[in-house]
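Before any comments, here is the structure.
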Amino acid sequence: MSADDHYFTAAPASAAQRRSMTVELAGREVTVQTASGIFSPEGVDKGTAVLLRVAPAPPTTGALLDLGCGWGPITLTLALRSPGAQVWGVDVNERSLDLLRTTASSLGLESVQACRPEDVPDALSFEAIWSNPPIRVGKAVLHDMLLTWLPRLVVGGAAYLVVQKNLGSDSLQHWLTDQLPADAYAVSRFASDKGFRVLEVRRTA
């Protein structure tokens with residue numbers, strides 16, 4: 001990754017250096033594509049691993065969202081566990097999206113849609129949102145992202161967000177509680193593991 005590249009850059013300037021890697025997702029070993037210039041190119045990062053381990057079983061049908069998908073460990077897990085659902089992997093990083101499309105195709109996961117945020121149909125609502133959100137983009141961008149997507153949960157749907165404790169998970173929980181209408185959302189700490197919190201945001205009305 002060049003000095004000017006970040007995993008939240010739309011078009012990384014560094015050479016892709018694409019490679020295949022075997023990881024365990026949804027209880028099975030799969031071959032995935034990663035590259036430089038994206039988030040966690042060496043494998044499943046610790047936060048995502050916590051989320052995948054502790055989150056409840058995803059809905060089996062409907063639309064599921066991985067917000068900030070990277071090369072796709074969450075998207076791919078959702079698609080493997082819920083083959084009857086439509087799974088959206090959303091990211092601003094074009095290289096990440098291309099890697100996810102390649103891996104999903106190689107695994108025969110036709111339900112996966114990998115795209116930029118603006119390419120998701122406006123009318124689409126989600127039964128679940130799973131995310132390891134990009135905390136390092138800064139609070140303003142992060143807050144805008146969450147307030148854009150969390151309202152797109154269906155009633156009864158839930159989001160699971162994994163955030164490192166020392167990067168502000170507790171303050172984010174308080175902020176979400178303050179920002180989201182109490183008569184329509186329930187925000188809670190779903191789990192704690194290995195220095196990470198998994199927050200649940202459930203749409204109740």
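Values as computed for the structure displayed
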{"item": "The listed residue being touching a residue at least 24 places away in the same chain (Cβ under 8 Å), farther than 20 Å from residue 58 by Cβ and not in a helix (DSSP H, G or I), out of 128, 205", "result": "205"}
{"item": "All positions within segment 41-77 that are surrounded by fewer than 21 Cβ atoms within 10 Å (Cβ to Cβ), among the charged types (D, E, K, R) and not in a loop (DSSP other than H, G, I, E, B)", "result": "46, 53"}
{"item": "Filter result for residue 80 (at negative phi, buried (at least 22 other Cβ atoms within 10 Å of the Cβ) and touching a strand residue (DSSP E or B) at 6+ places or on another chain (Cβ under 7 Å))", "result": "no"}
{"item": "Options 176, 172, 142, 150: the member that is touching a residue at least 40 places away in the same chain (Cβ under 8 Å), assigned to a helix (DSSP H, G or I) and crowded, with 19+ Cβ neighbours inside 10 Å", "result": "150"}
{"item": "Residue match in segment 116-136 (condition: at pLDDT below 95, charged (D, E, K, R) and closer than 24 Å to residue 41 by Cβ)", "result": "yes"}
{"item": "Meets criteria (among the polar types (S, T, N, Q), touching a residue at least 24 places away in the same chain (Cβ under 8 Å) and over 25 Å from residue 29 (Cα atoms)) for residue 111", "result": "no"}
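The values are calculated or read from the model by the stated rules, or taken from the named source; none is laboratory data. Here the structure is a predicted model, which means the values were calculated and not measured. Here the Cβ is made from the backbone with ideal geometry for all residues, glycine too, and neighbour counts use every protein chain on show.
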